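Here is the structure we will look at, set down as structure tokens.
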Amino acid sequence: MLMKKLILVLWVCACFYACQSPAARTQAFIPGTYVCSGESDYSVANDTLLVTPLDAHHYQLERRTAYHAIRQGKRLPARHQVKTYQALWDPLKQELDEQSDGLIFRFDAEKGVLYAGKAVYQKLK
């Protein structure tokens, strides 16, 4: 009896998920924390992007960056920067558009990533 109820609940959840539009599934994925890091011979950088919904179509993105310059093979002290963006959800393009700097944030829920220009941010669980 319990197994039948569990199967029914799972089936209902699967149907609900399948009935959602791709835009709705992507939008449900958006809120969260994303990380990206990069390294070269001259620097090391780590970004954290916190995405918070403000309402159904507006989001706040807070980008926290830690940057180490490398000079003569030595890492210099870290520099930190925090920048906040306001972005609007575009359901047709399935992306967040930030107007003041012209940034576009795209999401791939299946891969668990956010794309911002050439940067690829991995979503933390």
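The values are calculated or read from the model by the stated rules, or taken from the named source; none is laboratory data. Since the model is a prediction, treat every value here as computed from it, not as a measurement. Positions of Cβ are backbone-derived with ideal geometry, glycine not excepted, and every protein chain shown enters the neighbour counts.
From ALA45, ALA56, ALA69, grab the single residue that is among the small types (Gly, Ala, Ser), out of contact with any helix residue (DSSP H, G or I) (no Cβ under 7 Å at 6 or more places or on another chain) and either touching a residue at least 60 places away in the same chain (Cβ under 8 Å) or not in a strand (DSSP E or B) (or both).
Selected residue: ALA56, the only one of ALA45, ALA56, ALA69 that is among the small types (Gly, Ala, Ser), out of contact with any helix residue (DSSP H, G or I) (no Cβ under 7 Å at 6 or more places or on another chain) and either touching a residue at least 60 places away in the same chain (Cβ under 8 Å) or not in a strand (DSSP E or B) (or both).
Of the residues making up region 89-105, at least one is under 13 Å from GLN27 (Cβ atoms) and basic (Lys, Arg).
Counting the residues of region 97-112 that are closer than 15 Å to THR33 by Cα, assigned to a strand (DSSP E or B) and hydrophobic (A, V, I, L, M, F, W, C) gives 2. Of everything in region 83-100, what is touching a Lys or Arg at 6+ places or on another chain (Cβ under 9 Å) and exposed (fewer than 14 other Cβ atoms within 10 Å of the Cβ)? Give them in sequence order. Matches in region 83-100: LYS83, THR84, LYS93. For the residues GLN86, GLN27, the requirement of being in a helix (DSSP H, G or I), in contact (Cβ under 8 Å) with a residue 24 or more places away in the chain and in contact with a strand residue (DSSP E or B) (Cβ under 9 Å, 6 or more places away or on another chain) singles out GLN27.
Looking across TYR121, TYR67, one residue alone is among the aromatic types (Phe, Trp, Tyr), surrounded by 13 or more Cβ atoms within 10 Å (Cβ to Cβ) and at pLDDT 95 or above. It is TYR121.
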